[in-house]
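Reviewing the structure listed below.
The values are calculated or read from the model by the stated rules, or taken from the named source; none is laboratory data. Worth saying up front: this structure is predicted, and the values here are computed from it rather than measured. Because the Cβ atoms are built from the backbone with ideal geometry, glycine has one as well, and the counts that use them run over all protein chains shown. We work out accessible area using only protein heavy atoms, side chains counted, and drop any ligands, DNA or RNA first. Shrake-Rupley method; radii C 1.70, N 1.55, O 1.52, S 1.80 Å.
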Amino acid sequence: MSVTELLSVAILLSLLMLYLLRQFWFRGHYPSGWLPLPATGSLWQAGLRLYQETLSKQLKEQNDTSETSMTPYNSIANNNGGDIWKQQREIGQLILLKGEKEKKTVESQIEEEGPRLVETFARVNGQPFDPLNAITASLCKMVWTVSFGNRSPLEDKDRQQVTDALESAVKSGGSFAYVLHKQFSWLANYFPGPHKNALSSKELVLSFIKKAIQKHKEAQAVKEPHDFTDFYLLQMEKNKGGQNSAYNEENLAECIFNFLISSAESTAITLQWALLLMASHPDVQDKVHKEIEKVLGSSNAVGHQDWKKLPYTSAVIYEIQRTKHAFLFRIIKQCAKNVNIFGFLAPKGTFINPDLDSALLDPKLWETPEKFNPSHFLDKDGQFVDKKQYQLLADESDGSLADKLSRAEFFIFFINLLKAFVFQLPEGEKKTSEKPRIGLTTYPHSYEIRAVPHRKTS
């Protein structure tokens, strides 16, 4: 080994020793747990396991944090993650306001798509099938319509490629190898692993998005904006020449990619869990059928506001999301300066990633935290109760376009499917695994299910 190489090793060892000494010196100020690693910190751990309502309150009162993106793709991964998330939220609000004025809301577009998904399920004729592809394709179409309107349709062949790539990105994008790649891309590029798959899948989806943006620009004949891309391009024009403007086509593509991940893919996973739980809990499914039949009758129209008329069904939906929440975390916070949380120091630049399980599976808060139990959201009279612990799931992003779209999609699609079908496990299969697989999301193992036409009791 040369003198230069020996000197380099000595310097690296010295820096590592200084880092470890610093960590041990400040150890008493940090929450208990494993020692953070250089550069990646505590990312390899599950998250900050503290009671979220108090945590959220402390952060808000001190106003010492900034919000960033929901997924690792553009939060910790990229420096502009917060800007992308804020752009997406700001433009989403403009779309919601315009929709309300024109009486063409996001919900009304979803209401039109719900029956089409039912038709897709009906074509299987009650035979066992994997519902994921049909669900994801339908939701992907919804996000594409909100993003580009009807002027840049995603053809069936292309939609299948986008759907497959999204699934692959979600399964590979939450791996520790992917996070390491974002921190040490110069080194990780030389090694195989799931990060390679996540990156190639993301790039494939982005290529379709960028083509659609280009077509949108070429076809943009009207000045009045109608969809997400219209509004974004208008903001780009308004901020043209601005020194600190983050509005550009690259970030527009990232916005839509995040939109697809946070809305289409996460809702598809939650619907997957929903159908599996209905098939595994026929007693719960039967009560849902009876309530829907009693309240909605033969009406084909299903609106998001119908949840107020369906207390038991709403409790079931909330319990599905409590026990099988798609993401391991929601909005990550980054400390803008040193913050004191529960007497512990969170240094400036620290990412706060609360562990949802600390609130949603806490035995002090739920009667049977590990079990699927819709009674968690019902009072003694059978009326729906929206608990504060559940509201933490949407506390920071409530009112955003992606969040509103996800809630409406899940409710409308779930009700449409339960109105039309009884979901059963394949003949001879009494039980299937309800243990999640962990990627960027907590998704179920692949399964097949039967969608048998529902015969009304009356």
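Among the residues making up region 348-361, those that are of a type outside the set (Phe, Trp, Tyr), over 15 Å from Tyr318 (Cβ atoms) and touching a residue at least 40 places away in the same chain (Cβ under 8 Å) are Thr350, Ile352, Asn353, Pro354, Asp355, Asp357, Ser358. Tell me, yes or no, whether region 316-338 has at least one residue that is at pLDDT 75 or above and farther than 29 Å from Pro282 by Cα. Yes: region 316-338 contains one or more residues that are at pLDDT 75 or above and farther than 29 Å from Pro282 by Cα.
As for region 185-199, it holds at least one residue that is crowded, with 17+ Cβ neighbours inside 10 Å, among the polar types (S, T, N, Q), part of a helix (DSSP H, G or I) and at pLDDT below 85. Only a single item in (1) of a type in the set (A, V, I, L, M, F, W, C); (2) open to solvent by less than 10 Å² (accessible area, probe 1.4 Å); (3) under 21 Å from Lys387 (Cα atoms) is not met by Trp307, and it is number (2). Whether a residue is among the β-branched types (Val, Ile, Thr) and open to solvent by 30 Å² or more (accessible area, probe 1.4 Å) was assessed, and Val295 passes this test. Is it true that Asp362 is at pLDDT 75 or above, acidic (Asp, Glu) and outside any helix (DSSP H, G or I)? Taking the combined requirement at face value, the residue satisfies it.
Counting just the residues of region 391-410 that are assigned to a loop (DSSP other than H, G, I, E, B) and open to solvent by 20 Å² or more (accessible area, probe 1.4 Å), which one comes out modelled with the highest pLDDT? Per the criteria, the residue is Gly399. For region 358-380, name all the residues that are open to solvent by 60 Å² or more (accessible area, probe 1.4 Å) and under 11 Å from Thr323 (Cα atoms). Answer for region 358-380, where residues must be open to solvent by 60 Å² or more (accessible area, probe 1.4 Å) and under 11 Å from Thr323 (Cα atoms): Glu370, Lys371.
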